[in-house]
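Colleague: Dropping the structure in here first, questions after.
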Amino acid sequence: MAYLVIAAALRRIPGNLEEAARISGPGTARVLGTVTLPLLRPGLLAAFVLTLVANLSDFGIPALIGLPERCTTLTTLVYRYLASSTTSNPLPAVSAIGLVLLVLAVLTVLAQRKLPTGTQLGNEGTSMKLELGAARIPVLVLLWLWVGLICLVPLLALATQALLPAPGVPLTIENLALDNIIRASTSPGAVSGIANSIMLAGGAAACCTVLGLGIALLLTRGTHRSNGPLDVAATLPQALPGLVVAVGWLLIAPMLGIFNTSWVILGAYVMAFMALVVQAVRAPLASVSSTLEEAARTAGATPLRALLDVTARLAVPAAVTGGVVVLLTAVRELTISILLVAPGSQTLGVAIFNLQQSGDYGGASALALLVALVGILGLSATAALANRRVDK
């Protein structure tokens, strides 16, 4: 998440500013410290806020790693309240914890808006190439070691556990088998979780694509005074912890008559992820000149038809890309699902969590490996299509 935000901010830094600094005499390190990093401050701050809010609301990691070691976080505490059979009415305590997380998230976002954000820049020129000289090889090795340790080693460990018949079995070619993967992917719980996740994630992606496209069109082309509140309402859920979203839907689901159904999970998904499509569509639309719509209106089209036939069509690819990201994100989601799960609505993330909690580490690893591979392939394909569209 931090990489994507910071990389996007780096692309917006005009290379001519860095080149002008280099012409004045300073070296690469000084240009980075006095020009690039100050201009990158908004992106760094946004990455910090997003990762802070995301980790405040994360459930899967502290549940799988922290609970066995009696390390409790706010999200796992909420799960304990809801899963406990000794607490007759856990919602007041759960609501209080959700309110604490809500306040923390809102304060973080407000603090980000109050801090100076630096100069607003656009895509002007090509960014300066970073010349490392003799330090290139050591830096490259250190970066690959860091990425390997953080990203690749856990995936290799996951694959190893999925291919071995049981924990502790020596890693040899003779012991490798696909039994865990076949058993985990064909078990009734996994099949139900896969079907529910595909249905809910697909429904959320479709809803978010349509609603996000409409909201982005209103925000970029509309001039009504309600655009400000609409902008806040559409983007605030992105800054809210998933736990807050789930607790909110727990409270309103009985009023809507959808408590203990799949509809409540779908509603929470749409609320949590719609901002992804809005943000994906908003930036491309902001760069599209209104002269195309004016030309359509000159040819006799009504304002609505010009908006739909010209601007909306140009924004559809970005909306579809955002919808794919929503699909891949919702398929593996756990924090919202674990709190809103009902009989018959178990999702893929919940299925993996239940396998892990029951001690079936091979099955959990196999199912998690399949999710990871599908997610990597899906995001890679989405990124490749987005880059191809940008190049065109």
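Rule-based calculations on the coordinates, nothing more; no lab input. Everything numeric here is computed off the predicted structure, so don't read it as measured data. Here Cβ is always computed from backbone atoms with ideal geometry, including for glycine, and neighbour counts include all displayed protein chains.
Colleague: Counting only other residues whose beta carbon sits under 15 Å from that of THR72, what net charge do I get with K and R as +1, D and E as -1?
Modeller: With Lys, Arg at +1 and Asp, Glu at -1, the net is 0.
Colleague: Quick one: order TYR79, TYR269, TYR361 by neighbouring beta-carbon count within 10 Å, fewest to most. Kindly include the intermediate steps, with their values, before the conclusion.
Modeller: Details: TYR79 22, TYR269 28, TYR361 16.
Ascending Cβ contact count within 10 Å gives the list TYR361, TYR79, TYR269.
Colleague: If you average 1/r over every pair of different alpha-carbon atoms in region 55-96 and take one over that average, what Kirkwood value in Å do you get? Don't skip to the end; give the middle numbers.
Modeller: Numbers: mean 1/r = 0.0933 Å⁻¹.
After inverting the mean inverse Cα-Cα distance, the result is 10.7 Å.
Colleague: Stretched out fully, how many nm does the piece from VAL374 to LEU145 gain, at 0.36 nm a residue minus the Cα gap? Intermediate values should be presented prior to the final figure.
Modeller: On the way: separation 229, 0.36 × 229 = 82.44 nm, distance 2.46 nm.
Result for the pair: 80.0 nm of gain on full extension.
Colleague: Given the convex hull of the Cα atoms of region 178-392, what is a quarter of its surface area in nm²? Display every interim value, and only then the final one.
Modeller: Numbers: hull surface 56.9 nm².
Seen from a random direction, the Cα hull of region 178-392 projects 14.2 nm² on average.
Colleague: Net charge around GLU293, counting only other residues with Cβ within less than 11 Å of its Cβ (Lys, Arg = +1; Asp, Glu = -1)? Intermediate results must be reported in sequence, preceding the final value.
Modeller: On the way: positive: ARG221, ARG297, ARG305; negative: GLU294, ASP309.
Around GLU293, the charge tally is +1.
Colleague: Work out, step by step, the length gained on full extension between ALA384 and LEU256: first 0.36 nm times the residue separation, then minus their alpha carbon distance; give nm to one decimal.
Modeller: Details: separation 128, 0.36 × 128 = 46.08 nm, distance 4.10 nm.
The span from ALA384 to LEU256 would gain 42.0 nm if fully extended.
Colleague: Something else about it: So, R0 is 35 Å and r is the distance between the beta-carbons of LEU236 and TYR361; what FRET efficiency does that work out to, to 0.05? Mind dumping the intermediate values first?
Modeller: Numbers: r = 38 Å, r/R0 = 1.10.
Using R0 = 35 Å, I get an efficiency of 0.35.
Colleague: Run the quick spin-label model on ALA20 and ALA8: label points 7 Å from Cα toward the beta carbon, then report their separation in nm to one decimal.
Modeller: Using points 7 Å along Cα→Cβ, the separation is 2.7 nm.
Colleague: Another one. Per residue of the chain, what 222 nm ellipticity follows from adding -39500 (n - 2.57) for every DSSP H run with n ≥ 4, rounded to the nearest 500? Working shown, then result.
Modeller: On the way: 19 runs with 274 residues, N = 392.
Only helices count here, giving -22500 deg cm²/dmol.
Colleague: Same structure, new question: In what sequence, highest mean first, do 17-24, 351-358, 148-155 appear when ranked by Cβ atoms within 10 angstrom? Don't jump to the answer; show the numbers that get you there.
Modeller: On the way: 17-24: 15.0, 351-358: 20.4, 148-155: 11.1.
Listed from highest to lowest mean packing, they are 351-358, 17-24, 148-155.
Colleague: Return the distance in nm (one decimal) between the two label points of a simple spin-label model at GLU131 and ARG225, each offset 7 Å from Cα along Cα→Cβ.
Modeller: 5.7
Colleague: While we're looking at this one, here's another question. Sticking to Cα atoms, compute the Rg of region 1-121 to one decimal and its Dmax as the biggest Cα-Cα distance, whole number, in Å.
Modeller: Looking at region 1-121, its Cα Rg and Dmax stand at 21.2, 71 Å.
Colleague: Let me ask something else about it. Hey, in the GNM for the chain with a 10 angstrom Cα cutoff, which one of GLY344, GLY228, GLY202 fluctuates hardest?
Modeller: GLY228
Colleague: Could you calculate the FRET efficiency of VAL103 with ALA299 from 1/(1 + (r/R0)^6), where r is the beta carbon distance between them and R0 is 41 Å, rounded to 0.05? Let's see the in-between values first.
Modeller: Working: r = 52 Å, r/R0 = 1.28.
About 0.20, to the nearest 0.05.
Colleague: So between ILE173 and VAL191, what do we pick up on full extension, going 0.36 nm a residue minus the alpha carbon distance? Write down the numbers at each step before the final one.
Modeller: Values: separation 18, 0.36 × 18 = 6.48 nm, distance 2.90 nm.
Stretched fully, the ILE173-VAL191 segment lengthens by 3.6 nm.
Colleague: Let me ask something else about it. Read through the labelled values (1) 47; (2) 41; (3) 51 and report the label of the one computed as percent of Cα pairs over 30 Å apart from the structure.
Modeller: Derived directly from the coordinates: (3).
Colleague: I've got another one for you. Tell me, what is the FRET efficiency for LEU52 and ALA83 to the nearest 0.05, using R0 = 30 angstrom and their Cβ-Cβ distance as r?
Modeller: Efficiency for this residue pair is about 0.65.
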